[in-house]
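Heads up, the thing below is written out as structure tokens.
The values are calculated or read from the model by the stated rules, or taken from the named source; none is laboratory data. Here the structure is a predicted model, which means the values were calculated and not measured. All Cβ positions, even for glycine, are placed from backbone atoms using ideal geometry, and neighbour counts span all protein chains on display. We work out accessible area using only protein heavy atoms, side chains counted, and drop any ligands, DNA or RNA first. Shrake-Rupley method; radii C 1.70, N 1.55, O 1.52, S 1.80 Å.
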Amino acid sequence: MTRMVAAIFGAAVLGLCFGAGEPRAQAQGGVLAGCADASLPPGDSLTLCQRALRDVQLRPGQRAAVLVNLGVAQAALGRHSDAETSFGLAIATDPDLVGAYGNRARARLAQGKYAEALEDFDAGIARSPAAAELWLGRGAAHLRGSNPRAAVSDLTRAIQLDGGLDAAHFNRGVGYLLLGDGAAAAADFSTVIARNPTDAGAWLNRGRARAASDPRAAEADFDRAIELDPEWARAWGARGLFLESQGRQEAAQRDFLRAYELGETAKWLRDRVERR
């Protein structure tokens, strides 16, 4: 089941996956083709890319692309510092390889290096201002850096460039929520729901967006989120907070207890469960 995790709970849908707008290095035959094969497990890709760098005569453009592919494999294995180094070497080899900037930004975000990640997104956008994925990545980074106004601006640009980016609509909805614009947030989450009705995160966050203006519709959205993902502790906690705001203490306490049983450890939840 698809779930985009809401930034409102401390984790945004962030960064650029190596995909649209960032093609893997392409080559015919042997080690280079294996290094560029996105269908391989990351461990196999890593081995083949390392072999290519060691054993194959590469032109500068090929070397840079192989380094990007190596970094993608390292990031997939959780080796974000190594990935950052590989992407940096790719940039040094070919400063116009835009995909390297987006991927290094993603590796830096994984290490909490927000300022450095923003510098990479800036550099990538300066070289390729029509790359929607870069605007998406920078917008998501702004959410992580608690700058929702800048996030909404970047994500709006991403949507203008590619209206099919569900993550841009989702993250912009989170940004609007943080700015207190429930109507705009609900519109973005509705777009995601229309395209992917099983996205529990979109239902949950639309519920949050509608809570003040249309409590009945909001409750239906919370209910749907839990129906889609009944083991998601934070969904139970969010509905509990909503019910509490409506003065329905007994129902709220049941949701808080269920969230706690499913492993939610936030202090506010522990306090509510313990005072029962």
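For the chain, set up a GNM with springs between Cα atoms under 10 Å and report which of GLY78, GLY175, GLY102 has the largest fluctuation.
Looking only at GLY78, GLY175, GLY102, the biggest GNM fluctuation is shown by GLY78.
What is segment 210-255 by shape, rounded, prolate or oblate, if you read a ≥ b ≥ c off the alpha carbon gyration tensor as root eigenvalues and call it rounded for a/c under 1.5, prolate for a/b larger than b/c, and oblate otherwise?
Verdict is oblate for segment 210-255.
Determine the per residue accessible area of segment 42-100 with all protein chains present and a 1.4 angstrom probe, expressed in square angstrom.
Accessible area per residue: 46 Å².
Given R₀ = 30 Å, what would the calculated FRET efficiency be for ASP44 paired with ASP96, taking r from the Cβ atoms and rounding to 0.05?
0.55
Pick out which of GLY139, GLY237, GLY30 has the largest mean-square fluctuation in a Gaussian network model of the chain, springs linking Cα atoms closer than 10 Å.
Result: GLY30 has the largest fluctuation of those listed.
Given points 7 Å out from each Cα along the Cα-Cβ axis, report the GLN111 to SER146 separation in nanometres with one decimal.
Between GLN111 and SER146, the simple spin-label model gives 2.3 nm.
Roughly how many whole Å is it from the C-alpha centroid of segment 182-207 to that of segment 208-224?
11 Å
Once you list every other residue whose beta carbon is under 15 Å from the beta carbon of LEU109, what net charge do they have if Lys and Arg are +1 and Asp and Glu are -1?
Net charge around LEU109: 0.
Give me the percent of accessible area attributable to carbon and sulfur for segment 155-228, probe 1.4 angstrom.
Percent of accessible area from carbon and sulfur atoms in segment 155-228: 48.
Determine the gain in length on full extension of the stretch ARG270-ARG59; use 0.36 nm per residue of separation and subtract their C-alpha separation, reporting nm with one decimal.
Roughly 70.1 nm would be gained on extension.
Which of the three applies to the chain, rounded, prolate or oblate, going by the alpha-carbon gyration tensor with a ≥ b ≥ c and a/c under 1.5 meaning rounded?
prolate
Modelling each spin label as a point 7 Å along the Cα-to-Cβ direction, I'd like the ALA194/SER81 distance in nm, to one decimal.
Taking the two extended label points, one gets 4.7 nm.
Report relative contact order for the chain in percent, whole number only (criteria: Cα-Cα under 8 Å, sequence separation at least 6).
14 percent
Roughly how many whole Å is it from the C-alpha centroid of segment 126-165 to that of segment 230-251?
So the separation of the two Cα centres works out to 32 Å.
Which of rounded, prolate, oblate describes segment 111-166, given a ≥ b ≥ c as roots of the alpha-carbon gyration tensor eigenvalues and a/c under 1.5 marking rounded, otherwise prolate only if a/b is larger than b/c?
It is oblate, given that a/c is not under 1.5 and a/b is not larger than b/c.
Would you calculate a helix-derived [θ] at 222 nm for the chain, using -39,500 (n - 2.57) for each DSSP H run of n ≥ 4 and dividing by the full residue count, to the nearest 500?
About -22000 deg cm²/dmol.
What distance in nm lies between label points placed 7 Å from Cα along the C-beta direction at THR156 and ALA212?
1.9 nm
Quick one: net charge of PRO215's neighbours, Cβ under 14 Å, K/R +1, D/E -1?
+1
Need the full-extension length gain, ASP37 to ASP122, defined as separation in residues times 0.36 nm minus the C-alpha distance. One decimal, nm.
Length gained between ASP37 and ASP122: 27.8 nm.
Can you give the accessible area per residue of segment 101-208, in Å², using a 1.4 Å probe?
36 Å²
What residue among ALA130, ALA83, ALA117 has its Cα farthest toward the positive end of the dipole of segment 49-150, where the charges are +1 on Lys, Arg and -1 on Asp, Glu, each on the Cβ?
ALA83
Applying a 10 Å radius around every beta-carbon, put 91-98, 39-46, 185-192 in order of their mean neighbour count, most first.
185-192, 91-98, 39-46
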